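Visitor: If you scroll down you'll find the structure; I have some questions about it.
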Amino acid sequence: MKFHFILNPVAGRGKAYRAIKYIRNLLRNKKINHEFSITNSPGDATRIASESKDIFDTIIAIGGDGTVNEVMNGLVNSDAKLGVIPLGSGNDFARSLNLSKDIDKAINVILDGKISYCDIGKVITKLKNENNEEKFSERFFINGIGIGFDATVALESQKIKLLRGLPLYFAAVIKALLKYKTPNFTIKLDEFITKSKCFLISIGNGKSSGGGFKLTPEADINDSKFDVCYVDDIGLFKIFKMLPSSIKGTHKRYREVHFSKAENIQIFSNNNFVVHADGEIIGKKVNSVEIEIISSNLKVIHA
């Protein structure tokens, strides 16, 4: 077996960078046939993975959900297997794979090589650039899409430098609440259409997002469906009341919370909205998104 490890040094606020020496020594001591690459800029992981997919049996993303997203974008429609060593701030997709944050345990999982086929998603966004011109962009994702408040939190979290995990996202929630304005959306889930002023819309392939918020707790990465959670416009008191339950995945009991499953999703608004894919912002002034599931497209290694 040949392994290619791709490490994002800025993942986890530098946690991945600090682990480089330890990981490289561990791989040598285990006599693993491998290559080790360190990314320098956004897009590097996708390029490296794409160049490696026909040479190596397994490509391993070392970092957080953003690193996993970049690597998997380079592996779409290939036979290469995706492995993950979760050293990011959120590590939500790693939770769906039942992976440990312990480096030794994560590498042992990769060597054990338990494989599942994983669904992925394709998202097409229509947005306006700085000159107010319409622009379309397309990319793949593996864990989920966040629209509205969910994405605004992801945007604010990028500005906070000293925290990680749930403390980081709680701080980002507070910052986002101070500036967020709820858009009116038209949401099409397969043949079902609804119009609503939504606080947030979360499209989950994985169970959690935002570093552990279980917004789509019943999602399954290989059931050929997205789980969709959308929340009506709610006030500050209800937001703070619902936060603990959204971590546990028990927020379904609130009448303002709606769940559905869908293969194809379209979301429109006359208001600009923010969108994230796997925690990475893909649009700040988006007018519409089209999302489709691609079943069993990627081989992933899980515990």
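Visitor: If you scan segment 190-203, which residues turn out to be assigned to a strand (DSSP E or B) and of a type in the set (D, E, K, R)?
Guide: Within segment 190-203, LYS195, LYS197 meet the criteria.
Visitor: Turning to a different aspect of this structure: Look through ILE187, ILE124 and report the one residue that is surrounded by 20 or more Cβ atoms within 10 Å (Cβ to Cβ) and not in a helix (DSSP H, G or I).
Guide: ILE187
Visitor: Tell me which of these CYS118 doesn't satisfy, since it passes every other one: (1) in contact (Cβ under 8 Å) with a residue 12 or more places away in the chain; (2) surrounded by fewer than 18 Cβ atoms within 10 Å (Cβ to Cβ); (3) outside any loop (DSSP other than H, G, I, E, B).
Guide: (2)
Visitor: Moving on. Output the residues belonging to segment 240-274 that are under 24 Å from the mean Cα position of the chain (by Cα) and assigned to a helix (DSSP H, G or I).
Guide: PHE240, MET242, LEU243, PRO244, SER245, SER246, ILE247, LYS248, HIS251, LYS252
For every residue, the table says whether it meets (1) exposed (fewer than 15 other Cβ atoms within 10 Å of the Cβ); (2) modelled with pLDDT of 95 or more; (3) in contact with a His (Cβ under 6 Å, 6 or more places away or on another chain).
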residue: ILE221; (1), (2), (3): no, yes, no
residue: ASP227; (1), (2), (3): no, yes, no
residue: TYR230; (1), (2), (3): no, yes, yes
residue: ILE234; (1), (2), (3): no, no, no
residue: MET242; (1), (2), (3): no, no, yes
residue: SER245; (1), (2), (3): no, yes, yes
residue: GLY249; (1), (2), (3): no, yes, no
residue: ILE267; (1), (2), (3): no, yes, no
residue: VAL274; (1), (2), (3): no, no, no
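Visitor: So, in segment 204-214, exactly how many residues are in a strand (DSSP E or B) and closer than 11 Å to ASN143 by Cβ?
Guide: Selection size over segment 204-214: 2.
Visitor: Considering only residues that are among the charged types (D, E, K, R) and either within 20 Å of the chain's Cα centre (by Cα) or over 28 Å from GLU263 (Cβ atoms) (or both), which ones fall in segment 74-122?
Guide: LYS81, ASP92, ARG95, LYS101, ASP102, ASP104, LYS105, ASP112, ASP119, LYS122
Visitor: Next question, about the same structure. How many of the residues in segment 1-48 are assigned to a strand (DSSP E or B) and of a type in the set (D, E, K, R)?
Guide: 1
Visitor: While we're on this one: Take LYS181 and decide whether it is outside any strand (DSSP E or B), touching a Lys or Arg at 6+ places or on another chain (Cβ under 8 Å) and basic (Lys, Arg).
Guide: When the stated conditions are applied, LYS181 does not pass them.
Visitor: Taking segment 127-178, which residues are touching a Leu at 6+ places or on another chain (Cβ under 8 Å), buried (at least 18 other Cβ atoms within 10 Å of the Cβ) and among the acidic types (Asp, Glu)?
Guide: ASP150
Visitor: Another question about this same structure. Tell me which of these PHE237 doesn't satisfy, since it passes every other one: (1) over 21 Å from the mean Cα position of the chain (by Cα); (2) farther than 22 Å from SER157 by Cβ; (3) part of a strand (DSSP E or B).
Guide: Single failed check for PHE237: (3).
Visitor: Now, a different point. Which pairs do you get when a residue that is at positive phi, found in segment 205-233, comes within reach of a residue that is surrounded by 22 or more Cβ atoms within 10 Å (Cβ to Cβ) and not acidic (Asp, Glu), reach meaning Cβ atoms under 6 angstrom, with the pair 6+ apart or on two chains?
Guide: GLY210/TYR169; GLY211/GLY90; GLY211/TYR169
Visitor: What's the total number of residues in segment 16-57 that are farther than 24 Å from LYS299 by Cβ and buried (at least 18 other Cβ atoms within 10 Å of the Cβ)?
Guide: 1
Visitor: Further question on the same structure: Has segment 77-90 got any residue that is of a type in the set (A, V, I, L, M), part of a loop (DSSP other than H, G, I, E, B) and surrounded by 24 or more Cβ atoms within 10 Å (Cβ to Cβ)? Explain how you work it out, then say what you get.
Guide: Just the residues of segment 77-90 that are of a type in the set (A, V, I, L, M), to begin with: 80, 82, 84-85, 87.
Filter once more, so that each one left must be part of a loop (DSSP other than H, G, I, E, B): 80, 87.
After this cut, where a residue has to be surrounded by 24 or more Cβ atoms within 10 Å (Cβ to Cβ) as well, the list is 87.
Yes: segment 77-90 contains one or more residues that are of a type in the set (A, V, I, L, M), part of a loop (DSSP other than H, G, I, E, B) and surrounded by 24 or more Cβ atoms within 10 Å (Cβ to Cβ).
Visitor: Residue by residue through segment 41-63, note down the ones that are closer than 17 Å to ALA277 by Cα and either of a type in the set (D, E, K, R) or touching a strand residue (DSSP E or B) at 6+ places or on another chain (Cβ under 7 Å) (or both).
Guide: Filtering segment 41-63 down to residues closer than 17 Å to ALA277 by Cα leaves 42-43, 45-46, 61, 63.
ALA45, ALA61, GLY63 - these are the residues of segment 41-63 that are closer than 17 Å to ALA277 by Cα and either of a type in the set (D, E, K, R) or touching a strand residue (DSSP E or B) at 6+ places or on another chain (Cβ under 7 Å) (or both).
The values are calculated or read from the model by the stated rules, or taken from the named source; none is laboratory data. Here the structure is a predicted model, which is why all the values come from computation and not from measurement. Note that each Cβ is placed from the backbone with ideal geometry, even for glycine, and that neighbours are counted across all protein chains shown.
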